[in-house]
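The values are calculated or read from the model by the stated rules, or taken from the named source; none is laboratory data. These numbers were taken from a predicted model, which means no experiment stands behind them. No Cβ is skipped: glycine too gets one built from the backbone with ideal geometry, and neighbour counts run over all protein chains shown. With ligands, DNA and RNA removed, areas are computed over all heavy atoms of the protein, side chains included. Shrake-Rupley method; radii C 1.70, N 1.55, O 1.52, S 1.80 Å.
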Amino acid sequence: MSSRLRLTALLTAAAAFGAVGSASADPDGFGPFPPQNPATATNGVATMHGDSASSDTTPDAGPGTGAVTSSRTALASACPTVVIGSDGYPVTLCTTIFGQTPTVHLLDPRTGADLASLSLAKGNLFGGVYTYLDNGDDLVVVDGDDNLLRIGHHLRSDGDWSLTVDQSTSLASAVPAGDSVVGLSPGWDGKVWFATQGGVVGTVDTTTGTVRALALPAGEQVDNSISTVPGYTAVATDHALYLLTEAADGTPQIDWRAPYDRGPGRKPGQLSWGTGATPSFFGPGNGTEYVTITDNAAPHENLLVFDTTGAPGPAGSATPSTPVQVCATPVLTQYPQSGTEDAVIASGRSVFVTDTYGYPYPALPSGAPASVPSSASFQGGMTRVDVNADGDGCSVVWNSDVPSAALPRLSLGDDRIYTVTATGPMGLAGSDTFAGYHYAVVDPATGQELSSSLLGIGLLDNPLQMTGTTGPDGTLYQGTETGVVEVRAES
């Protein structure tokens, strides 16, 4: 999922609003989870993509395939990220529709009510999208003044909640004028990694304030977040995937660079010309053996998987090595053309890719090139690809026509994929006014839709390809164009 680019599109619109279940065999082979980052909250609820590896998995079972109830927290904001602290309180980073101000909200886990809010300094990236919750339940985010903030939520003596900036570290020395931080993720040594849209990758020690940075090749920009596992950080630009390590003094260094096919141009349903995916680490052993993105090849994009086990590692040579590509597999081939603005789900040997080709974002970001072709209708769909057991190549397991309008999340707690689907007119921008949005459960073993329940019709419930987060109590929090929708199993 793109950061600034998607957010620009989300904020231009500002409408109003049956369950059938079936059973299937439980799938085998998903997991393990990626390593638990010691600097973050629990895997599944720590980042937009669940964890610092960006696996888009969760250990928590979702609302299930039975009857559900839903409620809406109206915030007059697009809310791409919902994370949940150890106390069970959801924290969401949103950007207001009017004024485009990045704002943090604390929600009541019982009712979804907005308990407290805090506005942040607005920059040219509208405060960004990517953030994470640290191991002390503080939200870590970069504001528009290039300050790395830790924002805590506190219960006051009068019984009300407040959000406060509990720590601030300037990144201004490493962020060029006119540039802004896009990606953010903690390393295993206590430092925080960041990447700017202009291609600067850095680390910051928030104890000392020391910032170290590396500029990626000129002409490449970062439009997605970054991912971290022990010893490695993955960054995707609009030209290449990078695996980075850290020099002894904390300066990022390139382990390897893997260029990819960025296609003839930006596809309809994408917001930048290049991959729409944040890199994801996964694997059947320790959850880090592979790293993956999608490219932007035409007519069908490819899932690219690389082996991380042969890389020199943090104590290795500063001379870049050669990436070991496991596969480049065409996906979503059930349609004439395909593309995605979403990160993938990656778990065990399996990767799930969603199709956003033709998705009608309300508007394009400033400076976005014309799409190739100029327009297309949204069809949706998903593909599951498995890395072969011997680690040599990949195979397509299934193609599905489930029209996912959100970035799905795989629950390893109940072996289900949770998402929001779209039905009705979804062609040109603005035609989603009468589209229906449904809470949906998908079987990861077969790609079949197991159940579907109407959430609403129109802009209020449009998830705009944002990802949902499942809490420990089974509640699904789905960011939408105008706030957050909570879905719970009917009691």
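Taking the Cα centroid of the range 465-485 and of the range 254-289, what is the distance between the two, rounded to the nearest whole Å?
Here the answer is 24 Å between Cα centres.
Could you tell me, in Å, what Rg and Dmax come out for the Cα atoms of the chain?
20.3, 61
With a cap of 16 neighbouring Cβ atoms within 10 Å, and only residues DSSP puts in a loop, list the chymotrypsin sites (Phe, Trp or Tyr not before Pro) found in the range 351-420.
none
About the Cα centre, and with charges only on the beta carbon of Lys, Arg (+1) and Asp, Glu (-1), how big is the dipole of the range 40-153? Nearest 20 debye, please. Present the calculation step by step, with values, prior to reporting the outcome.
Numbers: 4 positive and 12 negative charges, 71 e Å.
It works out to roughly 340 debye.
How many Å² of accessible area per residue for the range 179-290, probe 1.4 Å?
26 Å²
What are the trypsin sites (Lys or Arg not before Pro) within the range 88-179 that DSSP puts in a loop, where the Cβ has at most 11 other Cβ atoms within 10 Å?
Those satisfying the criteria are ARG110, ARG156.
I need the trypsin sites (Lys or Arg not before Pro) found in the range 221-311, filtered to DSSP loop residues with at most 11 other beta carbons within 10 Å of theirs.
On the way: sites: ARG257, ARG262, ARG266; in loops: ARG262.
Hits after loop and neighbour filter: nothing returned.
Of the heavy-atom accessible surface of the chain (probe 1.4 angstrom), what whole percent is carbon and sulfur?
For the chain, the apolar C and S fraction of the accessible surface comes to 52 percent.
With Rg and the Kirkwood Rh both taken from Cα atoms, where does Rg over Rh land for the range 367-491?
Rounded to two decimals, Rg over Rh is 1.01.
Dipole of the chain (Lys/Arg Cβ +1, Asp/Glu Cβ -1, origin at the Cα centre): which of LEU410, LEU93, GLN167 lies farthest to the positive side?
Going by the charge dipole, the pick is LEU93.
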